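Student: Pasting in a structure now, in structure tokens, and then I'll have a few things to ask.
Each reported figure results from applying straightforward, stated rules to the coordinates on display, with no laboratory input. Bear in mind that the values here come from a model prediction, so they are computed numbers and not experimental data. Positions of Cβ are backbone-derived with ideal geometry, glycine not excepted, and every protein chain shown enters the neighbour counts.
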Amino acid sequence: MSFGLNLRQPTATSLTKEARVEDVMLEKLRYDLKRLPEDRGFEEFEEMPVEDFAKALLKGYGWHEGRGVGKNAKEDVKIKQYTKRTYKEGLGFFSASLDSKNSNKNSSNGNGSVKEKESEKNKDGFSVGKEVRVIFGKKENLGLKGTIVERLGSDSIILRVEKSGEGVKVRVSDVAELGSGEEERCLKELKDLKIKEEKKSSDGDREHRPVNKRSVESRESLIIGNGGIVKERGVQWLRSHIRVRIISKDLKGGKLYLKKGEVVDVVGPYKCDVSMDESRELVQGVDQDLLENALPRRGGPVLVLYGKHRGAYGNLVQRDMDREVGVVQDYGSHELLNVKLEQIAEYVGDPSYIGY
């Protein structure tokens, strides 16, 4: 007796069944080929464009025009249109007023369009008839109080001085509203400087005092208005492409307090535009007194802002927070420079901008 698997041989009836199935499929294929129409070439595509064929195909799956493709699609996906920015439409530009400008062009009433244009110019709050005080700008205009009598574009105004009645042209960024924090700070500085000036004039020997060359280089004198007041501000250290920190709670209601940003443009001796690191918001016309220099980590790039080594660029080798001093290695000469921490700031621009 033998044990194991027994291999069965296919019978003749099974072979005939498989052959019959293949014959049936072959006959069906021949029948389908005979029913096909003749090829008409590219004429067929001219009568039925590809896009119409695709629409017909999608409609067979339940799609209809105006509806998106997919399981949960309710409407077509709107294509985002990117418009090219030209002229002054750069960083910080908002296109919220484009619709109103287009409506002005199509409007038949000329007076209405002029009023709308004036309202667009006065979005900063400084409209004709408003009383303001000059806190920045030319030496002879500082501290003057007056009324706005005319707007010259979006950045300049004509101010009628309250005392003399003369018209003065100033920038919008150089004035502040009456009762604002900026005006109060300006008036306080003027009062303190007036007291100091009276003390100096009472001494009698102010003109005969020896002049320290270093103090003259590090401080700038500004004549305020018609009172003969001398205002001395600290050294001007603002530079483009340096990182700074906001140290004032008055700016933007305190939302930017102790936050860092990059100086993208220096618009005046003590004013600059700052791009914030977190939100990339552009804050324009920030005063130097509201900022402080930001330092990088050890080994980071720094720029000497003022002092003996002003303009030197290198990496921060060492810093002593207790003594408030640091060591900077110059990228060009590899010389080690001893500087104060308040004299340097992190530089994030291209070294070629400063000659390196």
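Student: Once you have a ≥ b ≥ c as the square roots of the Cα gyration tensor eigenvalues for the range 296-356, tell me rounded if a/c is under 1.5, and otherwise prolate or oblate according to whether a/b is larger than b/c.
Tutor: Prolate, because a/c is 1.5 or more and a/b exceeds b/c.
Student: What trypsin sites (Lys or Arg not before Pro) in the range 315-356 are in a loop by DSSP, with at most 12 other Cβ atoms within 10 Å of the Cβ?
Tutor: The qualifying sites are R323.
Student: Let me ask something else about it. If neighbour count is taken as other Cβ atoms inside 10 Å, put W237, W63 in order from fewest to most.
Tutor: By the 10 Å Cβ count, ascending, the order reads W63, W237.
Student: List every residue whose amide H lies under 5 Å from the amide H of I344, counting only residues 5 or more places away in sequence or on a different chain, with H placed 1.01 Å from N in the peptide plane.
Tutor: Counting only residues 5 or more places away or on other chains, the set is L305.
Student: Further question on the same structure: What list of ³J(HN,Hα) couplings, whole Hz, do you get for the range 278-283 from phi and the Karplus terms 6.51, -1.76, 1.60, once you set θ to phi - 60° and write x for glycine and proline?
Tutor: 6, 8, 6, 6, 9, 9
Student: Along the range 40-54, what does the Karplus equation 6.51 cos²θ - 1.76 cosθ + 1.60 (θ = phi - 60°) give for ³J(HN,Hα), rounded to whole Hz, x for Gly and Pro?
Tutor: 9, x, 7, 5, 5, 6, 5, 6, 10, x, 5, 5, 5, 5, 5
Student: Something else now. Could you work out how much longer the chain between R280 and E131 gets when fully extended? Use 0.36 nm per residue separation minus the Cα distance between them, nm to one decimal. Walk me through the numbers on the way to the answer.
Tutor: Values: separation 149, 0.36 × 149 = 53.64 nm, distance 3.30 nm.
So the chain would gain 50.3 nm between R280 and E131.
Student: Under a crude label model (7 Å from the Cα following the beta-carbon direction), how far is K55 from E150 in nanometres?
Tutor: Roughly 6.0 nm, to one decimal.
Student: Å³ per residue of the Cα convex hull, for the range 236-294?
Tutor: 66
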